[in-house]
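This report concerns only the one structure given below.
The values are calculated or read from the model by the stated rules, or taken from the named source; none is laboratory data. A quick note: this is a predicted structure, and the numbers were derived from the prediction, not measured. Cβ coordinates were reconstructed from backbone atoms using ideal geometry, including for glycine residues, and neighbour counts include every protein chain displayed. These area figures cover heavy atoms from the full protein model, side chains too; ligands, DNA and RNA do not enter into them. Shrake-Rupley method; radii C 1.70, N 1.55, O 1.52, S 1.80 Å.
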Amino acid sequence: MLELLEPTTVKLSNVQTRVEKHGDEEVMAIDLAVAWNTNNRSLTAIQKQLRNALFCNLAQEIDSPQAEMDLPVDEMPNVRVPGMDYPVKLDFQQIGARVEVAYGIDETTAIVLQLCKVHKFRITPIEGGSAEVKFAISSASEIDDHIIGTLSVLQQRDISIQLTMPEVEQPEKPLTEGDVFPGAPASEPKKKLTPEDVFLGTHAPRDTDGEGEEA
């Protein structure tokens with residue numbers, strides 16, 4: 001899962017607005033295209049094996065083909081397949097992200113996009129151990145003229161963003177008898193029937209005392 005918890009510099013390549021249908025209501029939506037230059041270590045947050053698929057250490061491979069698996073990520077500086085047609089397109093998306101775009105004097109004036117879809121990932125590995133990660137951020141949650149106008153002005157500029165995913169609440173454990181009736185003695189759990197219980201219950205000998213005796 002990709003998260004940018006600290007302010008991260010990306011280039012805002014494009015801003016587009018559109019109208020989405022939410023039932024009978026039409027709402028404004030916005031799509032941002034961004035480009036992020038980062039170390040190849042960041043690729044594992046997008047997909048676990050992505051770094052190993054795109055990068056290697058040619059010097060180590062000459063000595064030992066298996067050696068790179070034990071290397072720190074910053075020691076995999078070489079593009080594994082230099083002649084490939086990049087960028088690589090990934091079928092990967094995150095739903096429900098919160099994206100904060102720094103704007104103005106402090107965080108109180110930042111542009112905040114809620115319930116975002118982060119998608120359309122395009123990865124270009126760069127010799128030396130870095131990568132260009134392009135992706136889209138889409139939101140249709142409370143998009144107004146201020147958000148549209150501000151982000152449109154920032155097109156083709158470097159901006160600072162933070163991207164976080166919502167915390168998933170753990171389901172609460174089921175209520176017990178003690179929770180509902182505090183202080184009451186806990187009832188013993190019912191014993192599960194075994195095949196022997198069923199057999200004995202249906203074939204138990206009947207009490208024949210008194211049968212066949214004369215009155």
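Take every Cα pair under 8 Å in region 1-142 that's 6+ residues apart, average their separations, divide by the length, and report that relative contact order as a whole percent. Walk me through the numbers before you get to the answer.
Values: 264 pairs, mean separation 37.4, N = 142.
Answer for region 1-142 is 26 percent.
Figure note: HIS146, HIS22 ranked by solvent-accessible area, largest first, 1.4 Å probe, ligands and nucleic acids not counted: HIS146, HIS22.
Highest mean first, how do 130-138, 41-49, 149-157 rank when packing is the count of other Cβ atoms within 10 Å averaged over residues? Spell out each step's value before the answer.
On the way: 130-138: 20.6, 41-49: 15.4, 149-157: 13.3.
The densest-packed peptide leads the list: 130-138, 41-49, 149-157.
Would you mind calculating the relative contact order of region 1-49 from Cα pairs under 8 angstrom and at least 6 residues apart, reporting the percent as a whole number? Don't skip to the answer; put the middle values down first.
Details: 48 pairs, mean separation 19.9, N = 49.
Taking the mean separation of contacting Cα pairs over the length of region 1-49, I get 41 percent.
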